[in-house]
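Peer 1: Got a structure here, written out as structure tokens. Questions coming.
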Amino acid sequence: MEPNLIPVPRAVVPRPGVLTLGRDTALTAPDGHAAAFLRALLRRATGFPLAPATPASTTVVELRLDGPASLGREGYLLDVTESGVVLTGHTDEGLFRGAQTLRQLLPPEIESPAPVEAAWTLPHGTVEDAPRYAWRGVMLDVARHFFDVSAVKRFIDRVVPYKFNVLHLHLSDDQGWRLAIDGYPRLTSHGAATAVGGPPGGFFTQEDFKEIVEYAAARYLTVVPEIDVPGHTQAAMASYPHLSTQEAPELYEGVEVGFSELAIHRDATYAFLDEVFGQVAALTPGAYLHLGGDEALSTTAEDYATFMSRTLPLVGKHGKTVVAWQEAASAPELPPGVHLQYWRPTTEEVPEALHKAVGEGAKLIMSPADRAYLDQKYSEDAPLGLVWAGTVGVRQSYEWDPEALVPGAEVVGVEAPLWSETLRTPDDLDHMLLPRLPGLADVAWSAAPRDWPAHARRLRAHTARWDAAGITAYHRSPELAE
Ligand code: ACM
């Protein structure tokens, strides 16, 4: 069997021989996202009709939902024989993840956006698979530079083959507010006008946001919206000065952090957050709402505690579980189930407050900047990215253990944030994602030990997939040279 699967499955048993899909290949599947996705993908590149099987069908791709419960929500079994493919899950989500494996077993041309001639072979063998972590996220910062619905869909398309299941959207920051909120029109008429380095900004209408949520949901990605407070709030305060203690808050187009702060001691601040969280929660079917909480460097420890005591319950009030950056560990009372997102580099001491929060039941999402931050430069001479956490090469982002940093913590998963201070175009996003993203997918999904030479070999094979997909901007990393 083709060995270049990323993430690496739990068990692969190759057998000699290949199955070749053809014009008469049938696809039989229960209705669901997995069938719709796989049929569209296979039709797009092959041009084959992939109609449901009839007694005359010789080659059948069959998706089945009768897998054992032990497969879990995302596990699957894949069997490729001379007569066809049987993909078995316990849920449609499991079939969807398995469809990504099936996709990677086909030749690179399967990524072609239009029909092409190719030998559509699949190696005989079986795959049995399930993820290590339940949270396998990517984050896109649409605040520092705005990325519109089509750019976000393209970003989603990049992460789907690697079995990510969380899309965290960083929707507000000093440089822009990016989601329309009824009753607060200046957030978008004024607060969305800017971006790093100056306009244009941009924003999502609530309809746009729903379109993203639906596109993500059809690919089993849960959207986690982030409204970052109490710092990173200059755009909101410039739109509604009563949220600020600054005399006349103005829009901001720079890249400094830590200067903005909501008015902590004003009831209007919490009325605003209640309304915003309520609307964001109503737009988002997923269980989580991220309230930021990072780099509130202008806020005293006492004020930060006061702010969190009033704000954390607002998320629960609207039926969501709190996600927050690791600084929120210092809040006096964390709500049950809280997910703290660890982002400081692995070279730093783990803060005492974080140890304490973990001891009291906080769960961790691991995004240490020197490993998982996709906005950091590949190397000193790289054209895009920041270097505050050092350079983050392909190997460095792959070769780490999410369990090592905070021993004893309940790690729910891994997330790869893509901040956009230096990124303006969808090609810029591609450049930072590829080839680091697949390695982070492997860290998040695969319990197999990291094996850099093997991973580098797989990545070299995947570049042919990106070429076939028409992705031109991926980073040609010297780390992948043979
Ligand atoms: C962060 O990078 N400020 C979470």
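Peer 1: Which of the residues that make up segment 27-40 are aliphatic (A, V, I, L, M) and either open to solvent by less than 30 Å² (accessible area, probe 1.4 Å) or in contact with a Leu (Cβ under 9 Å, 6 or more places away or on another chain) (or both)?
Peer 2: Selection gives Leu27, Ala29, Ala34, Ala35, Leu38.
Peer 1: Of the numbered conditions (1) farther than 20 Å from Val411 by Cα; (2) surrounded by 23 or more Cβ atoms within 10 Å (Cβ to Cβ); (3) β-branched (Val, Ile, Thr), Thr306 satisfies every one except a single condition; which is it?
Peer 2: Condition (2) is where Thr306 drops out.
Peer 1: Let me ask you something else. I'm told Tyr162 meets every condition in (1) over 27 Å from Val276 (Cβ atoms); (2) surrounded by fewer than 22 Cβ atoms within 10 Å (Cβ to Cβ); (3) hydroxyl-bearing (Ser, Thr, Tyr) except one. Can you identify the failing condition by its number?
Peer 2: Failed condition: (2).
Peer 1: Let me ask something else. Which residues, taken from segment 222-261, are assigned to a helix (DSSP H, G or I), of a type outside the set (S, T, N, Q) and touching a residue at least 40 places away in the same chain (Cβ under 8 Å)?
Peer 2: Within segment 222-261, Ala235, Ala236, Ala238 qualify.
Peer 1: Output the residues belonging to segment 93-117 that are open to solvent by 30 Å² or more (accessible area, probe 1.4 Å) and in contact (Cβ under 8 Å) with a residue 40 or more places away in the chain.
Peer 2: Pro108, Glu109, Pro113, Ala114, Pro115, Val116
Peer 1: Ok, one more. Suppose the filter is under 23 Å from the mean Cα position of the chain (by Cα), open to solvent by less than 10 Å² (accessible area, probe 1.4 Å) and in contact (Cβ under 8 Å) with a residue 24 or more places away in the chain; does Gly125 pass it?
Peer 2: It is false that Gly125 is under 23 Å from the mean Cα position of the chain (by Cα), open to solvent by less than 10 Å² (accessible area, probe 1.4 Å) and in contact (Cβ under 8 Å) with a residue 24 or more places away in the chain.
Peer 1: Take Asp467 and decide whether it is surrounded by fewer than 21 Cβ atoms within 10 Å (Cβ to Cβ), among the charged types (D, E, K, R), out of contact with any Leu (no Cβ under 9 Å at 6 or more places or on another chain) and farther than 23 Å from Glu109 by Cα.
Peer 2: no
Peer 1: If Thr346 satisfies all but one of (1) polar (S, T, N, Q); (2) outside any loop (DSSP other than H, G, I, E, B); (3) open to solvent by less than 50 Å² (accessible area, probe 1.4 Å); (4) away from the ligand (no atom under 13 Å from the Cβ), what's the number of the condition it fails?
Peer 2: The number of the failed condition is (2).
The rows are residues; the columns are (1) under 28 Å from Asp148 (Cβ atoms); (2) open to solvent by less than 10 Å² (accessible area, probe 1.4 Å).
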| position | (1), (2) |
| --- | --- |
| Gly201 | yes, no |
| Glu211 | yes, no |
| Ala238 | yes, yes |
| His242 | no, no |
| Tyr252 | yes, no |
| Val257 | yes, no |
| Leu262 | yes, yes |
| Gly292 | yes, yes |
| Thr299 | no, no |
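Peer 1: So in segment 362-381, with the set limited to residues that are away from the ligand (no atom under 16 Å from the Cβ) and open to solvent by 20 Å² or more (accessible area, probe 1.4 Å), which one is farthest from Thr346 (Cα to Cα)?
Peer 2: Result: Asp381.
Peer 1: Could you list, in sequence order, all residues of segment 41-69 that are open to solvent by 60 Å² or more (accessible area, probe 1.4 Å) and either part of a helix (DSSP H, G or I) or touching a residue at least 40 places away in the same chain (Cβ under 8 Å) (or both)?
Peer 2: Arg43, Arg44, Ala69 - these are the residues of segment 41-69 that are open to solvent by 60 Å² or more (accessible area, probe 1.4 Å) and either part of a helix (DSSP H, G or I) or touching a residue at least 40 places away in the same chain (Cβ under 8 Å) (or both).
Every residue, every condition in (1) within 16 Å of the ligand (Cβ to nearest atom); (2) open to solvent by 30 Å² or more (accessible area, probe 1.4 Å), yes or no:
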| site | (1), (2) |
| --- | --- |
| Gly316 | no, yes |
| Gly319 | no, yes |
| Trp325 | yes, no |
| Pro336 | no, yes |
| Leu340 | yes, no |
| Pro351 | yes, yes |
| Pro383 | no, yes |
| Trp388 | yes, yes |
| Glu399 | no, yes |
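Peer 1: Does segment 287-301 hold any residues that are away from the ligand (no atom under 16 Å from the Cβ), in contact (Cβ under 8 Å) with a residue 12 or more places away in the chain and part of a loop (DSSP other than H, G, I, E, B), and which are they?
Peer 2: Residue satisfying the conditions is Ala287 alone.
Peer 1: Just checking, which of Leu423, Leu429, Leu440, Leu418 is within 14 Å of the chain's Cα centre (by Cα) and over 30 Å from Gly361 (Cβ atoms)?
Peer 2: Only one candidate qualifies: Leu429.
Peer 1: Still on this structure, I have one more. Got at least one residue in segment 268-275 being among the polar types (S, T, N, Q), more than 22 Å from Ile212 (Cβ to Cβ) and open to solvent by 10 Å² or more (accessible area, probe 1.4 Å)?
Peer 2: no
Peer 1: Something else now. If the requirement is being within 30 Å of Pro478 (Cβ to Cβ) and away from the ligand (no atom under 16 Å from the Cβ), which of these qualifies: Ala305, Ala409, Ala404?
Peer 2: The match here is Ala404.
Peer 1: Which members of segment 360-391 meet the condition of being under 14 Å from Leu418 (Cα atoms), small (Gly, Ala, Ser) and in a loop (DSSP other than H, G, I, E, B)?
Peer 2: Those that are under 14 Å from Leu418 (Cα atoms), small (Gly, Ala, Ser) and in a loop (DSSP other than H, G, I, E, B): Ser367, Gly385, Ala389.
Peer 1: Looking at segment 70-79, can you tell me whether even one residue there is basic (Lys, Arg), surrounded by fewer than 18 Cβ atoms within 10 Å (Cβ to Cβ) and farther than 24 Å from Ile156 by Cβ?
Peer 2: No: zero hits.
Peer 1: Among Pro417, Pro426, Pro407, which is open to solvent by 30 Å² or more (accessible area, probe 1.4 Å) and within 30 Å of Gly198 (Cα to Cα)?
Peer 2: Pro426
The values are calculated or read from the model by the stated rules, or taken from the named source; none is laboratory data. None of these values were measured; they are calculated from a predicted model. Heads up, the Cβs are rebuilt from the backbone with ideal geometry, glycines too, and the neighbour counts pull from every protein chain shown. Side chains are part of the model used for accessible areas, which takes the heavy atoms of the whole protein and leaves out ligands, DNA and RNA. Shrake-Rupley method; radii C 1.70, N 1.55, O 1.52, S 1.80 Å.
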